[in-house]
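**Q** Sharing a structure, written as structure tokens. Questions coming.
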Amino acid sequence: MRHKSARIRRLAVFAVGSVTAISATAVIGAGTADAATPTVQTAGGTITPTTTTTIFPGVAKQAAANWTFSSSNTFTALDTLTIDLAKCVSSTNYIGFAAVPTVTVASNSTTETAPTITATLGQQTGEGAACVAAGVKDQLVLTFTNTASTGVIPWTVTISGVSYTVGSAFTPGTSVTSSATYQPSSTGATAITDAITPDATVAALAVMADTPGIGVAPGATNAAISNLVITEYVPGQVAAGTVTVTLSGTSTFDASSAPSVSASGGGAVVGKVTGMGTNALSFPVTTASTVTPATYTLSGLAVDVPAGLTGPVTATVADGATTLGTPEVFSVISSTRLFGQTSSDTSASLFEASGCPKNTATSPSVVRNAVLATSDNFPDALSASYLASALSTSVLVTPTAAVAQATLDALRLEGVTNVFVVGGPLAVSPADIATLKATPAYHCGGLVELTSLLGTAQTLQVTQIYGQTQYGTAQQVAEYVGSGAVGTVNVPGAYGGMYNDTTGSNGTPAASAPPSAVKTAILAVGTNYPD
């Protein structure tokens, strides 16, 4: 799908989006169109994440991936599925749920009874007084509140909005999850152990670059790129010695540039950057961090790009012989092709290509808008493009049944704070709206959660705009933006000549278009997309 939210602010588009023609589509997984169908039951199977994310010790409210599982149609009221995280050891060595996740059930049948499930957080039994006093929530309990009807079709259950708070002493590499247990409610029933694949991994160090994303033209010289930041979450991950940053391909760091490196925290000390004019910069770490983690920031970076190079360029960041990370540092843009494996992925790629505001943890937050429409039909996304232009953003799309993981990733990575949903409940479901409203807002780069001046966590602000038909949706969008956003066009002779040579009153020379620019709308058919 082409969702190139072209910034044509001057023209109001009125022929788009049908919510009545869009049927709710059950999507397996986190909402991506090509997600694999789980084969698991809630008894003796595997609860599988749609992907995995990386989280860090000592950081609160870190987003993780969705889990999915298939509930057999034999559930009974008060059956429970309990997911235990790694058991709390102390007030600093633990992992806990930061908030109650959202549980949704895909409508696999219109004749059988779908399970209704409530989610609660708790603490595993037998943990020490320090864990109890710290209020660690390392257990998620899903309770079935109704009983299945006769039938055989399983129900796809998605656990979304999972987020973790990790204690500063939690050991990187330790599994996030411990076990999952399905407990039937019938008296004397035996609990069944389900396997659970972790939806996140805990790492001790992060290497980030290209934030915001930088596109460089082929053949460019002395092109500035974003800072490269090495963040320790456990002290001493960067040892005393030499850190190297080596570009992939044939790009080089510009010889006339003057990059510098700084270290903060942990008593770390660094020296001068060398290697300009080659593909590898280096700097010495004369004193490694101790007691507290350190952050190393390489700034003032500029590159020279060969004429024939295209695509993303990565940098291998190494501490001696140890590779710390291989982030993308910039992308060579030689065409306008942006794509993904699904329409949701493609729209996310376009959105991420625009870069995000530098609302880092040390600067004030920056409001950023996103516009969201369904990927299951075309009209609302077309209507959404006009709103996106007025908001200086672009359009993301998602399946109706569940918000696509690519969409959630784009919202997080690009520092989005406000989501404008174009389309009614048949296009973007109430469950989707609930998921978005419960999703934390992040700073640019997606690692640090946004908080208010009072220190409370911020979630996405969601506004839904729609009518009862595609035409009503287009009308609501146009009226939401307001008449001040409608642009003007000067088309002399429009009535009596080349554009509309009618035999009616508008066809006479006296009724020709005014010689000056006037407010203009564009009208196209609302039942097919090409025009």
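**Q** If you scan region 49-100, which residues turn out to be in a strand (DSSP E or B) and open to solvent by 50 Å² or more (accessible area, probe 1.4 Å)?
**A** Restricting attention to region 49-100, the residues satisfying the condition of being in a strand (DSSP E or B) are 49, 53-55, 62-63, 67-71, 80-85, 95-97.
Scanning region 49-100 gives a single hit, THR54.
**Q** Restricting region 387-400 to residues that are outside any loop (DSSP other than H, G, I, E, B) and open to solvent by less than 10 Å² (accessible area, probe 1.4 Å), which is farthest from ALA427 (Cα to Cα)?
**A** Taking region 387-400 as the starting set, the residues that turn out to be outside any loop (DSSP other than H, G, I, E, B) are 387-390, 395-398.
Next cut, open to solvent by less than 10 Å² (accessible area, probe 1.4 Å) only: 387-389, 395-398.
Details: LEU387: 17, ALA388: 18, SER389: 21, VAL395: 15, LEU396: 13, VAL397: 11, THR398: 9 Å.
This residue is SER389.
**Q** Tally up the residues in region 101-129 that are in contact with a Lys or Arg (Cβ under 8 Å, 6 or more places away or on another chain) and open to solvent by less than 30 Å² (accessible area, probe 1.4 Å), please.
**A** 3
**Q** While we're looking at this one, here's another question. Mind listing whichever residues of region 245-292 are of a type outside the set (Gly, Ala, Ser), touching a Leu at 6+ places or on another chain (Cβ under 8 Å) and buried (at least 20 other Cβ atoms within 10 Å of the Cβ)?
**A** Selection gives VAL245, PHE253, PRO259, VAL261, VAL273, LEU281, PHE283.
**Q** Continuing with this model, one more query. Restrict the check to region 423-442 and report whether at least one residue is in contact (Cβ under 8 Å) with a residue 12 or more places away in the chain, charged (D, E, K, R) and open to solvent by 20 Å² or more (accessible area, probe 1.4 Å).
**A** Among the residues of region 423-442, at least one is in contact (Cβ under 8 Å) with a residue 12 or more places away in the chain, charged (D, E, K, R) and open to solvent by 20 Å² or more (accessible area, probe 1.4 Å), which makes the answer yes.
**Q** Which numbered condition trips up GLY415, out of (1) open to solvent by 10 Å² or more (accessible area, probe 1.4 Å); (2) under 28 Å from VAL59 (Cα atoms); (3) among the small types (Gly, Ala, Ser)?
**A** Unmet for GLY415, out of (1) open to solvent by 10 Å² or more (accessible area, probe 1.4 Å); (2) under 28 Å from VAL59 (Cα atoms); (3) among the small types (Gly, Ala, Ser): (1).
**Q** Any residue in region 39-58 that's closer than 29 Å to GLY445 by Cα: show its pairings with residues that are crowded, with 16+ Cβ neighbours inside 10 Å and modelled with pLDDT under 85 at Cβ separation under 6 Å, as long as the two are six or more apart or on different chains.
**A** Listed by first residue and then by second, the contacts come to THR48/PRO38; THR50/GLY29; THR50/ALA30.
Here's the yes/no breakdown for (1) over 27 Å from GLY58 (Cβ atoms); (2) acidic (Asp, Glu); (3) modelled with pLDDT of 95 or more:
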{"position": "VAL245", "(1), (2), (3)": "no, no, yes"}
{"position": "GLY249", "(1), (2), (3)": "yes, no, no"}
{"position": "THR252", "(1), (2), (3)": "yes, no, yes"}
{"position": "ALA255", "(1), (2), (3)": "yes, no, yes"}
{"position": "GLY265", "(1), (2), (3)": "no, no, no"}
{"position": "ALA268", "(1), (2), (3)": "no, no, yes"}
{"position": "GLY275", "(1), (2), (3)": "yes, no, yes"}
{"position": "ALA280", "(1), (2), (3)": "yes, no, yes"}
{"position": "THR290", "(1), (2), (3)": "no, no, no"}
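**Q** Output the number of residues of region 138-155 satisfying the condition of being more than 23 Å from THR51 (Cα to Cα) and either β-branched (Val, Ile, Thr) or open to solvent by 20 Å² or more (accessible area, probe 1.4 Å) (or both). Walk me through it before giving the result.
**A** Step one: list which residues in region 138-155 are more than 23 Å from THR51 (Cα to Cα), which gives 143-153.
Subsequent filtering for residues that are either β-branched (Val, Ile, Thr) or open to solvent by 20 Å² or more (accessible area, probe 1.4 Å) (or both) retains 143, 145-153.
The total comes to 10.
**Q** Okay, moving on. Scan region 156-210 for residues that are open to solvent by 30 Å² or more (accessible area, probe 1.4 Å), within 13 Å of PRO49 (Cβ to Cβ) and either touching an Asp or Glu at 6+ places or on another chain (Cβ under 8 Å) or among the polar types (S, T, N, Q) (or both) and jot them down.
**A** Within region 156-210, SER175, THR197, THR201 meet the criteria.
**Q** I would also like to ask the following. When you look at VAL366, is it buried (at least 24 other Cβ atoms within 10 Å of the Cβ) and either assigned to a loop (DSSP other than H, G, I, E, B) or at pLDDT below 85 (or both), yes or no? Let's see the steps before the verdict.
**A** Details: buried (at least 24 other Cβ atoms within 10 Å of the Cβ): no; either assigned to a loop (DSSP other than H, G, I, E, B) or at pLDDT below 85 (or both): yes.
Judged against the criteria, VAL366 is not a match.
**Q** Can you tell me which of ALA321, ALA315, ALA307 is over 20 Å from ALA240 (Cα atoms), open to solvent by 40 Å² or more (accessible area, probe 1.4 Å) and not hydroxyl-bearing (Ser, Thr, Tyr)? Break it down into steps so the answer makes sense when it comes.
**A** Details: ALA321 fails: over 20 Å from ALA240 (Cα atoms); ALA315 fails: open to solvent by 40 Å² or more (accessible area, probe 1.4 Å).
So the residue among ALA321, ALA315, ALA307 that is over 20 Å from ALA240 (Cα atoms), open to solvent by 40 Å² or more (accessible area, probe 1.4 Å) and not hydroxyl-bearing (Ser, Thr, Tyr) is ALA307.
**Q** If VAL403 satisfies all but one of (1) part of a loop (DSSP other than H, G, I, E, B); (2) at pLDDT below 85, what's the number of the condition it fails?
**A** Going through (1) part of a loop (DSSP other than H, G, I, E, B); (2) at pLDDT below 85 one by one, VAL403 breaks only (2).
**Q** On to the next question. Go through region 252-281 and count every residue that is within 25 Å of ALA217 (Cα to Cα) and of a type in the set (Gly, Ala, Ser).
**A** Qualifying residue count, region 252-281: 8.
**Q** Could you tell me whether region 454-477 includes any residue that is under 29 Å from ASP210 (Cβ atoms), open to solvent by 40 Å² or more (accessible area, probe 1.4 Å) and outside any strand (DSSP E or B)? Spell out the reasoning first.
**A** Here is the first cut: in region 454-477, the ones under 29 Å from ASP210 (Cβ atoms) are 457-462.
From the residues that got through so far, the ones that are open to solvent by 40 Å² or more (accessible area, probe 1.4 Å) too are 457-459, 461.
The next check asks that each one be outside any strand (DSSP E or B); those that pass are 458.
Checked against the condition, which is being under 29 Å from ASP210 (Cβ atoms), open to solvent by 40 Å² or more (accessible area, probe 1.4 Å) and outside any strand (DSSP E or B), region 454-477 yields at least one hit.
**Q** Then there is this: Does PHE330 satisfy being part of a strand (DSSP E or B), more than 18 Å from ALA223 (Cβ to Cβ), in contact (Cβ under 8 Å) with a residue 40 or more places away in the chain and of a type in the set (Phe, Trp, Tyr)? Don't jump to the end; show me each part of the working.
**A** On the way: part of a strand (DSSP E or B): yes; more than 18 Å from ALA223 (Cβ to Cβ): no; in contact (Cβ under 8 Å) with a residue 40 or more places away in the chain: yes; of a type in the set (Phe, Trp, Tyr): yes.
It is false that PHE330 is part of a strand (DSSP E or B), more than 18 Å from ALA223 (Cβ to Cβ), in contact (Cβ under 8 Å) with a residue 40 or more places away in the chain and of a type in the set (Phe, Trp, Tyr).
The values are calculated or read from the model by the stated rules, or taken from the named source; none is laboratory data. Here the structure is a predicted model, which means the values were calculated and not measured. Cβ sites come from the backbone with ideal geometry, for glycine too, and all protein chains shown count toward neighbours. Remember, those area values only see protein heavy atoms, side chains included, never the ligands or the DNA or RNA. Shrake-Rupley method; radii C 1.70, N 1.55, O 1.52, S 1.80 Å.
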